[in-house]
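Here the structure is laid out as structure tokens; the discussion comes afterwards.
Values in this text are rule-based calculations from the coordinates and carry no lab data. For clarity, every value in this text was computed on a predicted model and none was experimentally measured. Methodologically, a virtual Cβ is constructed for each residue, glycine included, from the backbone with ideal geometry; neighbour enumeration extends over all protein chains shown.
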Amino acid sequence: MEAPSITVKSVADGPQLKEIMKNAAEDGGNKLLVLEFMAPWSEPCKYMSKVLDGNPAGRGLAYDLRGYADFYALDITKFRQFAQRMTVEALPTFLLLTKGYTVLARVVGVDKEELRSSIMQEHRDKAAAGAGQEKVNPEQDIDEPLSLFSSPYAFLRARLRSFFN
């Protein structure tokens, strides 16, 4: 059995994620929040878990970037609606957020150098970021059910209704 990660923290449920985001916003720090949407059965996610966690001493990418970002893993089976709201279409997907919930970047896949460079770039640029970018509303986005687009045909039905009305 693998030792638990000390650098990537698993998020159990919506209330815990809300608390993490609230605490991050209140602490006023300059680190990014990195949310990793993953699945325990996904081979690419397993690979990135090893890249982030590194060896048993915890010397992976998350350890190397600990001064720049806090890493959290979200199991897609527990955060399905939140993943849909954030338009997660492939696993693993990493969202880089400011403490003010602005999504600065999205990294999809297993390219650790792309993830590293995105974190470093966004950490440098985040002071100028924010205008016109996607925001996460922890009070609404995490737990609220998807009403309009909860099925593959809901969008089409809504468009047809608006066309005929």
For the stretch 28-125, which trypsin sites (Lys or Arg not before Pro) pass both filters: DSSP loop (anything but H, G, I, E, B) and at most 12 other C-beta atoms within 10 Å? ARG59
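Set the Förster distance to 30 Å, then compute FRET efficiency between ALA25 and LYS50 from the Cβ-Cβ distance, nearest 0.05.
Details: r = 31 Å, r/R0 = 1.02.
Here the calculated transfer efficiency is 0.45.
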Sorted by chain and number, the residues with a modelled amide H under 5 Å from that of GLU134, at a separation of 5 or more or across chains, are VAL103
Please list, or write none, the lysines whose alpha carbon is within less than 20 Å of the alpha carbon of LYS46, excluding same-chain residues fewer than 8 places away. LYS9, LYS78, LYS112
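Suppose R0 equals 30 Å. What FRET efficiency, 1/(1 + (r/R0)^6) with r the Cβ-Cβ distance, do ALA39 and LYS135 give to the nearest 0.05? Kindly include the intermediate steps, with their values, before the conclusion.
Values: r = 25 Å, r/R0 = 0.85.
The computed FRET efficiency comes out at 0.75.
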Using the basic label-point model (7 angstrom from Cα toward the beta carbon), what is the ALA12 to GLU113 distance in nanometres? 4.0 nm
GluC sites (Glu not before Pro), restricted to the stretch 70-119: which are DSSP loop and have at most 12 other Cβ atoms within 10 Å? GLU89
